[in-house]
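Heads up: the structure comes next, in structure tokens.
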Amino acid sequence: MYFFIEDTNESVKIGRAKDVEQRRKALQTGNPRKLHLLGWIHTKNGADVSLEKSLHKEYSPHRGSGEWFDIDPADVLPILARHGIDGFAGLSGKSFEVIGHDQDGIPEYHGVWAWGDLEHYECCPFCGSFCGLQYQEASCMYHCLQCDAFTSLEDPNHQEEE
Ligand SMILES: [Zn+2]
């Protein structure tokens with residue numbers, strides 16, 4: 001199950017594919033606008049068919065042509081989030097990139113997701129899974145259950161001290 005958005009378009013394509021990246025490339029061919037992957041959901045045993053059906057039904061009032069829906073990219077977030085560890089956000093690849101500094105000189109970072117606010121405890125910044133990063137007391141590191149990444153998260157998404 002995947003969600004795409006076109007560069008200049010406010011609509012979102014809801015569809016399914018075995019290989020999301022392969023589908024994106026196929027759809028990109030001959031399309032002057034760039035396709036971005038908003039996210040995807042990992043499904044088992046053909047559950048993608050019924051999931052696609054229910055999502056197409058849920059958003060049918062916003063349906064444009066084909067599988068394109070006139071919804072805000074951020075609307076996709078709760079769909080992905082409710083699938084937890086099987087929901088993935090399409091990452092911008094710029095997570096943790098410093099985009100500037102605030103008045104106090106504290107660095108500000110690119111969010112995990114390009115289309116809305118997502119924090120590392122909601123969504124893994126490495127694989128995009130909505131299992132989020134779990135803090136492990138023993139190692140003092142954050143851990144992702146999906147991709148098994150460990151990070152100390154030194155500065156990213158700097159938490160303000162009260
Ligand atoms: Zn991960």
Any idea how many residues of region 119-131 are out of contact with any strand residue (DSSP E or B) (no Cβ under 7 Å at 6 or more places or on another chain) and more than 9 Å from the ligand (Cβ to nearest atom)?
2
Please go through (1) acidic (Asp, Glu); (2) more than 18 Å from the chain's Cα centre (by Cα); (3) surrounded by 16 or more Cβ atoms within 10 Å (Cβ to Cβ) for Glu58 and return the number of the only condition it doesn't satisfy.
(3)
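Since every read-out is calculated from the coordinates, none of them should be taken as a lab result. The structure presented is a predicted model; accordingly, all values stated were derived computationally and were not measured. No Cβ is skipped: glycine too gets one built from the backbone with ideal geometry, and neighbour counts run over all protein chains shown.
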